Amino acid sequence: MASSFFFLQAEKNDVNKNLVEQMENWSAREKTQVYIIDKPLGDSKYSYDHDDYIVVLIPKRKLIFIDFSEDEDSFESFVEDFIEDLGSISDKYRYKDSIGRPRTWARDLIFKASDGHSIDIRTLEEQTAIEDPAKQRIAELLVSLLTGSINDIDRVRADPPSNLLDKVKRKILLFDGDQTRFVYQRLKKSPIRIQGLSGTGKTELLLHKLKELYVQSADSKIIMTCHNKILADSLRRRIPDFFNFMKVEQQIKWDERLWCVHAWGSQSDRDSGTYRYICNFYGLPFQRYSYSTTFDRVCSTALEAIKQIKDRRYAFDYVLIDESQDFPESFFQLCEYVSRETVFIAGDIFQSIFDETITASISPDFLLSKCYRTDPKTLMFAHSLGMGLFEPQKLRWLEDEEWNKCGYAVEKRAGDSYYRLKREPLRRFEDLDKENIDCVEIISTKGDFTESAAKSILEIVRKISRENPTLTADDIGIILLDNNNKTYALADLLEQVLQRETGWIVNKAHETKQRINGEIFVSNRNNVKGLEFPFVICATEQIGRSYAYRNALYMTVTRSFIKSFLVVSEDHNKGIIGNLRSGLRGINELGYIEVQPPTKAEIEKIRTTIKHSNANESFYDFVQRVFDDLKVLPLFRPRLLEVVKKTVGEDFDRENVHRVAEFNYKMMLDRGDIEDI
Amino acid sequence: MKIFNFSLDRFQASQLFSVVRTKKDIIATWMRAIKLMSVYVDPGEGARFGSMRLHVDKMSRLFFVKEDKSYSINFPFFTDNSAERLTFSAFACSPVDNRVTSEVLSLLSTYNLLDADDIYSFLDPISNSLEVEPAIWSLLKNLMMCDDGYIRVDHDEVRANGNLHPLDHIDVFYEGASTFKIGLVDRLSLNDFADLLDVGSDCHFLHRK
């Protein structure tokens with residue numbers, strides 16, 4: 001499988017084979033992006049009369065034109081034409097005002113080799129380097145234009161950023177090899193599945209794909225969909241901005257050519273959901289959402305009914321599905337049956353780090369292993385925290401192959417008794433590495449958690465603000481993880497004190513369900529999907545062991561792209577803070593997770609516990625299932641639940657809960673507690 | 001009688017004094033007031049831009065007071081001050097705390113529940129919220145049906161216009177179709193305003209001018 005560092009669009013042949021392979025090896029060795037193209041990507045209108053050449057793009061290096069045709073005049077004219085086209089693309093995306101006209105950059109930033117046969121990687125390495133950071137930046141912007149990774153030039157700007165916050169915020173983002181292949185390759189198959197960890201850029205890629213499909217033909221019908229209505233609404237709002245940004249000339253014909261809705265929909269509006277539209281299109285009765293109707297069943301029923309229809313018609317040409325982990329397989333089958341061309345299915349590699357298995361039953365066409373949202377060190381700590389890797393009893397352990405799928409290189413030491421789990425550094429975060437920033441900081445507070453956490457968060461905001469003079473309200477996300485009234489009290493308290501201190505309006509996203517520009521984001525754990533901030537402050541009184549909680553903790557810590565702060569109560573986490581701090585120190589200093597793997601018996605225990613649980617299940621539902629097994633009479637359940645909670649805490653250890661419940665239930669029955677209830 | 005006073009900072013004042021047009025605004029004000037009282041932190045000298053007072057007696061009312069404008073609404077909740085912080089509850093839902101108030105605010109603002117034309121757009125979000133708080137529908141129903149008792153005292157130099165819009169007046173009700181003014185011969189203090197609304201004290205009388 002091709003490396004994510006390397007992308008080849010130009011045709012590889014006997015003439016260029018040697019050099020192309022050298023470049024591919026070099027990119028893997030140097031962990032540096034290399035794109036080999038023969039025309040600008042992202043717009044099909046460019047083509048050239050000249051043959052036998054390649055254009056090599058490497059960020060921060062000169063644009064490299066290599067000819068194998070031995071027709072120097074024709075090659076010269078081709079390079080001129082290519083630069084002219086690049087000039088017009090730069091004009092189209094308004095880069096020109098920042099980087100200047102081609103004549104100002106072409107002289108220093110172009111490298112031509114008219115005799116491709118005699119050129120090798122070493123010569124290229126020497127002759128294409130650029131010293132001046134300002135010129136490096138322009139070269140990088142040119143690469144972004146040629147690969148269709150268009151950046152908002154008002155955000156990134158051409159002048160080199162001076163402080164760390166700006167360096168990361170204004171980083172020029174480039175698609176990697178896997179991402180570029182997904183957007184531009186036209187695979188003749190359906191469905192096409194793309195999977196990756198959260199933060200690997202799946203939604204962004206779907207938007208690029210949507211744009212490609214929308215402009216490709218003038219009358220295709222396309223629907224983009226996901227399970228959650230709020231996510232679908234926010235995606236729908238993003239599309240016009242995205243199309244404007246990508247300079248799409250065609251108008252968006254909503255509900256005629258393009259839909260962006262959640263999967264189910266409501267009775268009153270034909271265009272309110274994918275399933276709703278399909279029902280209308282094929283004249284099927286629509287079943288509305290209720291407790292007793294599962295989406296799986298309505299999809300299967302609809303599919304059966306449509307298969308009975310004699311004249312096969314297609315509701316859509318293309319269907320793009322985001323967050324596919326939220327759907328039953330029957331929904332994909334339904335979409336597949338009603339779309340003429342292709343169904344694109346994008347989803348997380350796992351819905352939760354506690355899914356029983358992370359190896360998808362159908363392997364994806366594109367597997368994105370690099371998470372661009374989060375610094376690899378932050379991600380390593382988040383995984384360790386989520387899976388309890390630094391704790392005596394681990395909550396989750398992956399097989400070597402599964403670690404690989406999640407983007408880890410596994411190194412075993414001392415006869416497999418130690419694991420070193422490493423992630424490759426990413427271009428987006430190279431400036432953080434240089435400045436030696438700790439990716440996560442753990443802060444423990446004493447006394448009443450609501451008040452001490454509010455004080456602590458205020459102090460962190462002050463500190464971030466002192467260290468980053470260009471900080472704005474949008475740069476900080478505060479996420480409160482616990483699921484009780486204290487969390488909401490803390491949010492309300494923060495609203496008062498933060499606004500007074502900073503003058504920034506506090507947006508409590510658990511009430512508004514959206515991110516609001518210019519306001520500081522505060523939320524409970526439920527509204528953080530798809531969000532990222534330079535700084536994240538995450539507060540939780542006690543680091544609990546339930547899967548839903550640990551998964552939320554993992555998700556939250558990965559929302560930052562500079563630094564995450566974890567605010568916890570010292571009294572409630574005595575046993576665990578020391579371990580976490582030393583594990584974190586290891587990641588910060590060594591750059592990898594060093595951990596002792598669980599024994600075979602422990603692995604078996606972890607596996608059984610996970611098997612019997614559902615990461616999205618509440619503790620209440622979990623305990624009710626144990627009660628079902630024990631045939632606990634309904635009358636006893638509320639009281640028994642309280643006893644279980646008091647005895648084991650909200651621990652999802654099934655064996656333990658079963659034992660405690662069984663014992664106490666027997667006591668209750670023996671004592672005839674029923675009279676007290 | 002129990003009286004609790006709270007100073008408001010500029011953000012709280014601007015939120016709690018935003019124009020009341022519909023029942024939705026009143027419900028939001030109740031929710032915000034409960035939040036504020038539950039975790040109140042005094043804004044400190046120089047940062048006070050208004051005040052809020054909770055009267056708990058036979059009548060339970062909230063008063064919002066600014067330099068030239070005061071208003072009062074019914075407060076249909078029980079108040080408990082036995083602990084360090086005030087706590088609140090309602091017949092339909094106990095407690096009405098920071099979590100429940102957030103849930104109600106989210107239903108009102110995110111889902112625009114009270115503006116929903118289609119019954120399912122009204123129903124679906126509530127049915128989802130029931131999973132978080134089983135009492136949410138009873139609470140919301142009571143708040144929607146409850147008489148909010150809105151009354152406002154204005155000292156309006158900008159729009160004063162003889163007897164048609166007296167400098168000092170009381171506005172009763174908030175909807176355009178039902179609101180009307182009663183002129184005042186002079187400014188009403190907060191205590192007079194509270195006394196006017198206190199069912200335990202003597203009534204006030206209207207004198208035709």
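The values are calculated or read from the model by the stated rules, or taken from the named source; none is laboratory data. Every value quoted in this text rests on a predicted model; they were computed, and no experiment measured them. For neighbour counting, all protein chains shown are included, and Cβ atoms are generated from backbone atoms with ideal geometry for every residue, glycine included. Please note that ligands, DNA and RNA were not included when accessible areas were found on the heavy atoms of the full protein model with its side chains. Shrake-Rupley method; radii C 1.70, N 1.55, O 1.52, S 1.80 Å.
Any residue at all in the stretch A:301-310 that's within 14 Å of chain B (Cβ to nearest Cβ), open to solvent by 30 Å² or more (accessible area, probe 1.4 Å) and either without any contact (Cβ under 8 Å) to a residue 40 or more places away in the chain or not basic (Lys, Arg) (or both)?
no
Go through the stretch A:102-132 and report how many residues are touching a residue at least 12 places away in the same chain (Cβ under 8 Å), outside any helix (DSSP H, G or I) and not hydroxyl-bearing (Ser, Thr, Tyr).
Going residue by residue through the stretch A:102-132, those that are touching a residue at least 12 places away in the same chain (Cβ under 8 Å) are A:102, A:105-106, A:108-117, A:119-121, A:124-125, A:127-130.
Those left that are additionally outside any helix (DSSP H, G or I): A:110-115, A:119-120, A:128-130.
If we keep only those that are not hydroxyl-bearing (Ser, Thr, Tyr) too, we end up with A:110-113, A:115, A:119-120, A:129-130.
Residues meeting the conditions: 9.
Answer yes or no: is there a residue in the stretch A:351-361 that is in a strand (DSSP E or B), buried (at least 21 other Cβ atoms within 10 Å of the Cβ) and modelled with pLDDT under 90. I'd like the intermediate steps shown before the answer.
At the first step, the residues of the stretch A:351-361 found to be in a strand (DSSP E or B) are none.
The answer is no; no qualifying residue exists.
Per-residue answers, yes or no, for (1) modelled with pLDDT under 85; (2) surrounded by fewer than 19 Cβ atoms within 10 Å (Cβ to Cβ):
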{"site": "B:Phe77", "(1), (2)": "no, no"}
{"site": "B:Arg85", "(1), (2)": "no, yes"}
{"site": "B:Tyr111", "(1), (2)": "yes, no"}
{"site": "B:Tyr120", "(1), (2)": "yes, yes"}
{"site": "B:Val132", "(1), (2)": "yes, yes"}
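For the stretch B:79-187, which helices (runs of 4 or more DSSP H) that fit wholly inside it have 2 or more residues that are within 14 Å of chain A (Cβ to nearest Cβ)?
B:98-109, B:119-132
Just checking, does the stretch A:246-263 include any residue being of a type outside the set (S, T, N, Q), touching a Lys or Arg at 6+ places or on another chain (Cβ under 7 Å), modelled with pLDDT of 95 or more and surrounded by fewer than 20 Cβ atoms within 10 Å (Cβ to Cβ)?
Yes, the stretch A:246-263 has at least one match.
May I ask you to say which residue of A:Leu481, A:Leu531, A:Leu498 is of a type in the set (A, V, I, L, M) and more than 23 Å from the chain's Cα centre (by Cα)?
Just one listed residue meets the conditions, A:Leu498.
Determine, yes or no, whether A:Ala601 is closer than 25 Å to A:Arg550 by Cβ, at pLDDT 85 or above and open to solvent by 30 Å² or more (accessible area, probe 1.4 Å).
The answer is yes for A:Ala601.
Identify, from the list B:Ser51, B:Ser14, the residue that is open to solvent by 20 Å² or more (accessible area, probe 1.4 Å), in contact with a Ser or Thr (Cβ under 6 Å, 6 or more places away or on another chain) and among the polar types (S, T, N, Q). Please lay out each step first, then the result.
Values: B:Ser14 fails: in contact with a Ser or Thr (Cβ under 6 Å, 6 or more places away or on another chain).
Just one listed residue meets the conditions, B:Ser51.
Being within 21 Å of A:Met246 (Cα to Cα) and within 32 Å of the chain's Cα centre (by Cα) is the requirement here; does A:Leu86 meet it?
Yes: the conditions hold for A:Leu86.
Residue by residue through the stretch A:516-545, note down the ones that are touching a His at 6+ places or on another chain (Cβ under 9 Å), modelled with pLDDT of 90 or more and either under 21 Å from A:Lys169 (Cα atoms) or within 12 Å of chain B (Cβ to nearest Cβ) (or both).
Listed by number, the residues that qualify are A:Val522, A:Ser523, A:Asn524.
Output yes when any residue across the stretch B:147-162 is in contact with a helix residue (DSSP H, G or I) (Cβ under 7 Å, 6 or more places away or on another chain) and over 22 Å from B:Phe63 (Cβ atoms), and no when none is.
Within the stretch B:147-162 (the criterion being in contact with a helix residue (DSSP H, G or I) (Cβ under 7 Å, 6 or more places away or on another chain) and over 22 Å from B:Phe63 (Cβ atoms)), the answer is no, since none of the residues qualifies.
Using beta carbons and a limit of 7 Å, which pairs, at least six apart or on different chains, have the first residue in the stretch B:68-82 and within 15 Å of B:Asp25 (Cβ to Cβ) and the second one polar (S, T, N, Q) and modelled with pLDDT of 95 or more?
B:Ile73/B:Thr29
Name the residue that is nearest to the other protein chains (Cβ to nearest Cβ), counting only residues in the stretch A:278-296 that are part of a helix (DSSP H, G or I) and open to solvent by 20 Å² or more (accessible area, probe 1.4 Å).
The qualifying residue nearest to the other protein chains (Cβ to nearest Cβ) is A:Asn280.
Residues being surrounded by fewer than 20 Cβ atoms within 10 Å (Cβ to Cβ) and touching a residue at least 24 places away in the same chain (Cβ under 8 Å): count how many of those fall in the stretch A:516-529.
Of the residues in that region, 4 qualify.
Tell me, yes or no, whether the stretch A:149-157 has at least one residue that is in contact with a strand residue (DSSP E or B) (Cβ under 9 Å, 6 or more places away or on another chain) and either at pLDDT below 95 or assigned to a loop (DSSP other than H, G, I, E, B) (or both).
no
Looking only at the stretch B:139-187, which residues are open to solvent by 80 Å² or more (accessible area, probe 1.4 Å) and free of Cβ contacts under 8 Å to residues at least 12 places away in the same chain?
Matches in the stretch B:139-187: B:Met145, B:Val158, B:Arg159, B:Asn161, B:Leu164, B:Ala177, B:Phe180.
Can you tell me which of A:Leu493, A:Leu553 is farther than 30 Å from A:Arg607 by Cβ and either within 14 Å of another protein chain (Cβ to nearest Cβ) or surrounded by fewer than 24 Cβ atoms within 10 Å (Cβ to Cβ) (or both)? Walk me through how you get there before you give the answer.
Details: A:Leu553 fails: farther than 30 Å from A:Arg607 by Cβ.
When all the criteria are applied, what remains is A:Leu493.
Per-residue answers, yes or no, for (1) open to solvent by less than 10 Å² (accessible area, probe 1.4 Å); (2) not hydrophobic (A, V, I, L, M, F, W, C):
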site: A:Leu142; (1), (2): yes, no
site: A:Leu145; (1), (2): yes, no
site: A:Ser149; (1), (2): yes, yes
site: A:Asp152; (1), (2): no, yes
site: A:Val156; (1), (2): yes, no
site: A:Leu165; (1), (2): yes, no
site: A:Val168; (1), (2): yes, no
site: A:Thr180; (1), (2): yes, yes
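Could you list, in sequence order, the residues of the stretch A:504-515 that are open to solvent by 30 Å² or more (accessible area, probe 1.4 Å), of a type outside the set (Val, Ile, Thr) and modelled with pLDDT of 95 or more?
A:Trp504
May I ask you to verify whether A:Tyr95 is modelled with pLDDT under 90, among the hydroxyl-bearing types (Ser, Thr, Tyr) and under 30 Å from A:Val215 (Cβ atoms)?
Taking the combined requirement at face value, the residue does not satisfy it.
Of everything in the stretch A:207-257, what is within 14 Å of chain B (Cβ to nearest Cβ) and β-branched (Val, Ile, Thr)? Give them in sequence order.
A:Ile230 - this is the single residue of the stretch A:207-257 that is within 14 Å of chain B (Cβ to nearest Cβ) and β-branched (Val, Ile, Thr).
Among the numbered criteria (1) under 25 Å from the mean Cα position of the chain (by Cα); (2) within 9 Å of another protein chain (Cβ to nearest Cβ), which one does A:Asp474 miss?
The single condition A:Asp474 does not satisfy is (2).
Suppose we keep only residues that are in a loop (DSSP other than H, G, I, E, B) and in contact with a Ser or Thr (Cβ under 9 Å, 6 or more places away or on another chain) within the stretch A:394-407. Which one would you say is farthest from A:Leu165 (Cα to Cα)?
A:Glu399
Residue by residue through the stretch A:364-405, note down the ones that are polar (S, T, N, Q) and either touching a Lys or Arg at 6+ places or on another chain (Cβ under 8 Å) or open to solvent by less than 10 Å² (accessible area, probe 1.4 Å) (or both).
Result: A:Ser369, A:Thr374, A:Thr378, A:Ser384.
For B:Ile27, state whether it is more than 22 Å from A:Trp504 (Cα to Cα), touching a helix residue (DSSP H, G or I) at 6+ places or on another chain (Cβ under 6 Å) and of a type outside the set (Phe, Trp, Tyr).
yes
Restricting to the stretch A:2-26, name every residue that is open to solvent by 50 Å² or more (accessible area, probe 1.4 Å), touching a strand residue (DSSP E or B) at 6+ places or on another chain (Cβ under 8 Å) and among the hydrophobic types (A, V, I, L, M, F, W, C).
A:Leu8
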